[in-house]
Amino acid sequence: MGLTITLTLGALIAAIAALHFSWALGAHWPAPKGQPLAIYVTPGTRWPGRAITLAVALAIGAAAGVVLASRAKVPAPWDMLAAGAYFVVTLVFLGRGLAGYFPALWRRAEGLPFHRLNRAFYSPLCLAIGAGLAINVLIT
């Protein structure tokens, strides 16, 4: 069961990284045709830029790698580093998920499609991933 959870979470995180990578290359989903992507995926109206979006995609891809590699047997002292990296990834997803429910952090986004999408999809997804990562450690 633990391997299934690991593979599912790793694939989901990798898919999120691929989506960010596609945005860095110019894709516009989930924005309707003719609408700026920024108001759907950022708390502002200005796109952060290709370099930052690519950096985020690479960071999320690295997180997917950490999750998928967590099943590998690693010799000491690398096992502690791997466990620490997994812990950090779990905290980042839980933190991002919880942050979605603190209105003071998202005042700039009020009235934008991002505000609704963040509460309905982005934050719950991050919480689910973070919880899944935490549960995965507990059951293995």
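Every number here is computed from the coordinates shown, using simple stated rules; none is lab data. Treat the numbers as computed from the prediction; the structure is a model and nothing was measured. All Cβ positions, even for glycine, are placed from backbone atoms using ideal geometry, and neighbour counts span all protein chains on display.
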- Note on the structure: With Cα coordinates, the longest principal axis of the chain makes an angle with the long axis of helix 2-24, in degrees rounded to 10, of 30 degrees
- Please give the helix 50-69 orientation as an angle from the longest Cα principal axis of the chain, in degrees from 0 to 90, rounded to the nearest 10. 30 degrees
- Query: Pick from I52, I129, I16: which is most flexible by mean-square fluctuation in a GNM of the chain where alpha carbon atoms under 10 Å apart are linked?
  - Reply: I52
- Task: Please get the size of the charge dipole for segment 2-139, origin at its Cα centre, with Cβ charges of +1 on Lys and Arg and -1 on Asp and Glu, quoted in debye to the nearest 20.
- Result: 340 debye
- Message: Compute the angle between helix 78-99 and the longest alpha-carbon principal axis of the chain, please, reported from 0 to 90 degrees and rounded to the nearest 10.
- Response: 30 degrees
- Task: Could you tell me which of G97, H115, L3 has its Cα farthest along the dipole of the chain towards the positive end, charges placed at Cβ (Lys, Arg +1; Asp, Glu -1), taken about the Cα centre?
- Result: H115
- Most fluctuating of A76, A55, A120 in the GNM of the chain (C-alpha, under 10 Å) is A76
- Put +1 on the Cβ of every Lys and Arg and -1 on every Asp and Glu Cβ in segment 2-139; which of P30, A69, A131 then has its Cα farthest towards the positive end of the dipole? P30
- Length-normalised contact order of segment 2-139 in % [C-alpha pairs under 8 Å, at least 6 apart]: 31 percent
- Item | For the chain, calculated [θ]222 nm from helices alone, where every DSSP H run of n ≥ 4 adds -39500 (n - 2.57) | -21500 deg cm²/dmol
- Message: List the trypsin sites (Lys or Arg not before Pro) within segment 56-140 that DSSP assigns to loop and that have no more than 14 neighbouring Cβ atoms inside 10 Å.
- Response: R71, K73
